[in-house]
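For reference, the structure is listed below as structure tokens.
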Amino acid sequence: MKNVLVTGATGFIGGYVVNELLNKGISVTATSSNLAKAANKDWFSKVTYLLLDLKLLDADANYFEFFNSPDIIIHLAWEGLPNYKSLFHFEENLPRHYRFLKNLVVNGAKDITVVGTCFEYGMQEGELLETMPALPDNPYGLAKDTLRKQLEELKKFYPFSLKWPRLFYMYGVGQNPKSLFSQLEAAIERGDTVFNMSGGEQVRDFLPVEEIAANIVTIALQNKTEGVINCGSGIPKTVKALVEEFLEKQKATIQLNLGFYPYPDYEPMRFWGNIERLNKIKNNE
């Protein structure tokens, strides 16, 4: 049985990825920087959990051996979100995560999946294809894109499989309290009559986190396709339309105060992912 290491296991996506692997009967080694948080997860007793704070990396350690020489690594860990514009992403996160992943590779890791972000495309609009240039326009996107390029260079010295699912927008239970849908749910629970939001006309690519996690696992477990793989729905939809669908499913009535907040300046108005590569993977083509 293959053993899969999942970093960032206690994060928003992490728990869904761990459960997806367990549901497939796969042995999971999970890690994060917070044991207490991990111990409260429904999957904790079903995995091998090993605590590691990436801020405390030991240059002399063999982390591949520490994590019981996993067959596959799914690297979800990344601190400081959703503050996409913080310099922390490339000043601290980038070198820290590269050192960790390089340590795994140098010591024997051969199959690594690292989640990227649609922000690597920068301010490009319309349908985004993996063949388009990465033009990141915020520190988070820049850090992720640079990490990918560093790992591509590392492959020239230590051959390994690198899969890079670029995540588009996701939503679901456990999301950051500052996210749109977490705030909307909180407003409904409080019985608010009005919900303040942007104009809602920005077009995005949305997918429930359960489906994002399933896609990540599918990408990680296959060996036909490497490199950048868009991970989203491939369906352009306005934020307003998605919010209205959410309210209808919840059978909630709350007035949307459109235009209360300005549109974010770190992302374009209209973009979504082309998911032909993802569909081929899912269809085992």
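From least to most packed, judged by other beta carbons within 10 angstrom and beginning with the fewest, HIS97, HIS75 follow the order HIS75, HIS97.
For region 95-149, the Cβ-based charge dipole about the Cα centre amounts to some 540 debye (Lys, Arg positive; Asp, Glu negative; other atoms uncharged). Only helices enter the 222 nm calculation for the chain: every DSSP H run of n ≥ 4 contributes -39,500 (n - 2.57), and dividing by all residues gives -9500 deg cm²/dmol, rounded to 500. Its Kirkwood hydrodynamic radius, worked out from the mean inverse distance over all distinct Cα pairs, puts region 65-166 at 14.3 Å. Within a straight-line Cα-Cα reach of under 18 Å, LYS156 can be paired with the following aspartates and glutamates, leaving aside sequence neighbours fewer than 8 residues apart in one chain: ASP111, ASP145, GLU226.
Taking the structure as given and computing Cα extents along the principal axes in Å, which label from [x] 54, 52, 30; [y] 56, 42, 39; [z] 46, 42, 41 fits? Given [x] 54, 52, 30; [y] 56, 42, 39; [z] 46, 42, 41, the structure-derived one carries the label [y]. Residue ranges 13-24, 55-66 sort as 13-24, 55-66 when ordered by packing (mean number of other C-beta atoms within 10 Å per residue, highest first).
For the chain, the relative contact order comes to 19 percent (Cα pairs under 8 Å, sequence separation of at least 6).
Taking the DSSP beta bridges with both ends in the chain, the antiparallel portion is around 10 percent.
Counting only the backbone N, which residues of region 161-188 are under 12 Å from the spot 7 Å out from the Cα of THR225 toward its beta-carbon? Answer for this model: 164-166.
Taken together, the values in this text are just the output of simple stated rules run on the coordinates, not laboratory data. Not measured: the values here are computed from a predicted model. Note that we place each Cβ from the backbone using ideal geometry, even for glycine, and neighbour counts take in every protein chain shown.
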